[in-house]
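Engineer: Let me begin by handing over the structure; questions about it come next.
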Amino acid sequence: MDLIEFKCKTWDLLRNISENTNQLLAPLYEKYGLTSLQLQLLLAIDTSQEDTIGNLSMAMNMKSGNTSVMCKNLEKQNLVNRFRDKEDERLVKISLTPSGKKIIEDITAYLNEKHTLYLKDVTAEDLKDIINGLDKLNNLLLKISNSKY
């Protein structure tokens, strides 16, 4: 495979993966009046428990101002709590409210059900191959983006 074919195939696959992921998740985040990015942020908050706006921004690859605004909106929807760190009041920390946790639980249950249904015929070896291939692609993209060209 030559470079141009690799590049075109990679972009097509990434776009298709993104679209298919969005199709899977759209009914979930729309059900709760959320955007895709808001759902991703809630999932990041759930993973990190209590974290700062800065750390969440880095995890989401977003500017901290955008993350802060999104967290304010999620707070208005009673999905997250924003509070100052007790040891360093310059830091704003974020945690999920019970309503936010419930959304994550519902979405996780739905996705687990889907994965169980559709992955039952996929071998462990195939799953490993998928992860290894995605990991290789991610490492290649990181290497390219970090190069000083």
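Engineer: Name every residue in segment 99-116 that is surrounded by fewer than 11 Cβ atoms within 10 Å (Cβ to Cβ) and among the hydroxyl-bearing types (S, T, Y), in order of residue number.
Structural biologist: T116
Engineer: Return a yes/no flag: does segment 86-95 have any residue that is farther than 30 Å from L141 by Cα and among the small types (G, A, S).
Structural biologist: yes
Engineer: Looking at segment 2-22, is at least one residue buried (at least 16 other Cβ atoms within 10 Å of the Cβ) and under 30 Å from D135 (Cβ atoms)?
Structural biologist: Scanning segment 2-22 turns up no residue that is buried (at least 16 other Cβ atoms within 10 Å of the Cβ) and under 30 Å from D135 (Cβ atoms).
Engineer: Looking only at residues in segment 1-17 that are of a type in the set (D, E, K, R) and assigned to a helix (DSSP H, G or I), which one is farthest from L39 (Cα to Cα)?
Structural biologist: Here the answer is E5.
Engineer: Out of the residues in segment 23-45 that are in a helix (DSSP H, G or I) and in contact with an Asp or Glu (Cβ under 9 Å, 6 or more places away or on another chain), state the one that is surrounded by the fewest Cβ atoms within 10 Å (Cβ to Cβ).
Structural biologist: Applying the filter and picking the extreme gives K31.
Engineer: Assess whether M62 counts as being assigned to a loop (DSSP other than H, G, I, E, B), of a type in the set (A, V, I, L, M) and under 23 Å from S36 (Cβ atoms).
Structural biologist: Yes.
Engineer: Could you tell me whether segment 117-134 includes any residue that is among the polar types (S, T, N, Q), exposed (fewer than 11 other Cβ atoms within 10 Å of the Cβ) and either under 26 Å from T10 (Cβ atoms) or in contact with a Pro (Cβ under 8 Å, 6 or more places away or on another chain) (or both)?
Structural biologist: Looking through segment 117-134, at least one residue is among the polar types (S, T, N, Q), exposed (fewer than 11 other Cβ atoms within 10 Å of the Cβ) and either under 26 Å from T10 (Cβ atoms) or in contact with a Pro (Cβ under 8 Å, 6 or more places away or on another chain) (or both).
Engineer: Checking N20 against (1) out of contact with any Cys (no Cβ under 9 Å at 6 or more places or on another chain); (2) touching a residue at least 24 places away in the same chain (Cβ under 8 Å); (3) part of a helix (DSSP H, G or I), only one condition comes out false. Which one?
Structural biologist: (2)
Engineer: So, in segment 8-34, how many residues would count as being under 16 Å from the mean Cα position of the chain (by Cα) and among the β-branched types (V, I, T)?
Structural biologist: Counting residues in segment 8-34 that are under 16 Å from the mean Cα position of the chain (by Cα) and among the β-branched types (V, I, T) gives 2.
Engineer: May I pose another question? Any idea how many residues of segment 108-141 are outside any helix (DSSP H, G or I) and of a type in the set (K, R)?
Structural biologist: The qualifying residues number 1.
Engineer: Any chance segment 83-100 includes a residue that's of a type in the set (S, T, Y) and farther than 22 Å from T35 by Cβ?
Structural biologist: For segment 83-100, residues of a type in the set (S, T, Y) and farther than 22 Å from T35 by Cβ: absent.
Engineer: So I144 fits all but one of (1) surrounded by 11 or more Cβ atoms within 10 Å (Cβ to Cβ); (2) free of Cβ contacts under 8 Å to residues at least 40 places away in the same chain; (3) assigned to a helix (DSSP H, G or I); (4) of a type in the set (A, V, I, L, M); what number is the exception?
Structural biologist: Here I144 meets the rest and fails (1).
Engineer: So, one more: Conditions first: (1) in a helix (DSSP H, G or I); (2) out of contact with any strand residue (DSSP E or B) (no Cβ under 9 Å at 6 or more places or on another chain); (3) of a type outside the set (D, E, K, R). G54 passes all but one, so which condition is the exception?
Structural biologist: (2)
Throughout, read-outs are computed from the coordinates displayed, never taken from laboratory work. Owing to the predicted nature of the structure, the values given are computational and were not obtained by experimental measurement. Cβ coordinates were reconstructed from backbone atoms using ideal geometry, including for glycine residues, and neighbour counts include every protein chain displayed.
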